[in-house]
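To keep things clear, I will list the structure first and then write my remarks on it.
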């Protein structure tokens, strides 16, 4: 079970996957979550929601231009440098170039490869939100 007072932001453009993630979190006891469909919406909601953790998809085809992962990587950099919020990457595709950009980000607490099992999400969120 997760702590019920933890606030988790889900940044995911696939509404079906986002709904699956929110159902899993709710079943694990997390009642304070917010879904944002893209990094622009997430940045707008960040201060008001003040999440303990962000579950971040990397690929946003409608926001990254020629390189769909650019929007997610930019938001990850923002979380690292300006917001000071820990995050976990959720991605079905991660290029070596994108992985190399994530390596120095100390607030990146892990990666879930889509599709993932609910227990993997539970373990990753627990590890990312508990200091020890």
> Is there any pair with a first residue in segment 113-132 that is under 11 Å from residue 21 (Cβ atoms) and a second that is in a helix (DSSP H, G or I) whose Cβ atoms are under 6 Å apart and which are 6 or more apart or on different chains, and what are they?
Replying inline: 118/24; 121/24
> Only one of (1) surrounded by fewer than 18 Cβ atoms within 10 Å (Cβ to Cβ); (2) part of a helix (DSSP H, G or I) fails for residue 105. Which number is that?
Replying inline: (2)
>> I'm told residue 20 meets every condition in (1) over 24 Å from residue 78 (Cα atoms); (2) touching a residue at least 12 places away in the same chain (Cβ under 8 Å); (3) crowded, with 16+ Cβ neighbours inside 10 Å except one. Can you identify the failing condition by its number?
In response: (2)
> Within the bounds of segment 34-51, is there any residue that is under 26 Å from residue 130 (Cβ atoms), in contact (Cβ under 8 Å) with a residue 60 or more places away in the chain and touching a helix residue (DSSP H, G or I) at 6+ places or on another chain (Cβ under 9 Å)?
Replying inline: no
>> Step by step: first the residues of segment 72-100, then only those that are touching a helix residue (DSSP H, G or I) at 6+ places or on another chain (Cβ under 6 Å) and buried (at least 24 other Cβ atoms within 10 Å of the Cβ), then the one that is modelled with the highest pLDDT. Which residue is that?
In response: 87
> Condition test on residue 61, is it more than 13 Å from the chain's Cα centre (by Cα), touching a residue at least 12 places away in the same chain (Cβ under 8 Å), more than 13 Å from residue 121 (Cβ to Cβ) and surrounded by fewer than 19 Cβ atoms within 10 Å (Cβ to Cβ)?
Replying inline: yes
> Which residues, taken from segment 108-122, are in contact with a helix residue (DSSP H, G or I) (Cβ under 6 Å, 6 or more places away or on another chain) and surrounded by fewer than 18 Cβ atoms within 10 Å (Cβ to Cβ)?
Replying inline: 109, 110, 118
>> Return the residues of segment 29-63 that are at pLDDT below 90 and either part of a helix (DSSP H, G or I) or under 21 Å from residue 111 (Cβ atoms) (or both); say none if nothing qualifies.
In response: 58, 59, 60, 61, 63
>> Return the residues of segment 112-132 that are at pLDDT below 90 and outside any helix (DSSP H, G or I); say none if nothing qualifies.
In response: 113, 130, 131, 132
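The values are calculated or read from the model by the stated rules, or taken from the named source; none is laboratory data. Quantities reported herein were computed from a predicted structural model and do not represent experimental measurements. Note that we place each Cβ from the backbone using ideal geometry, even for glycine, and neighbour counts take in every protein chain shown.
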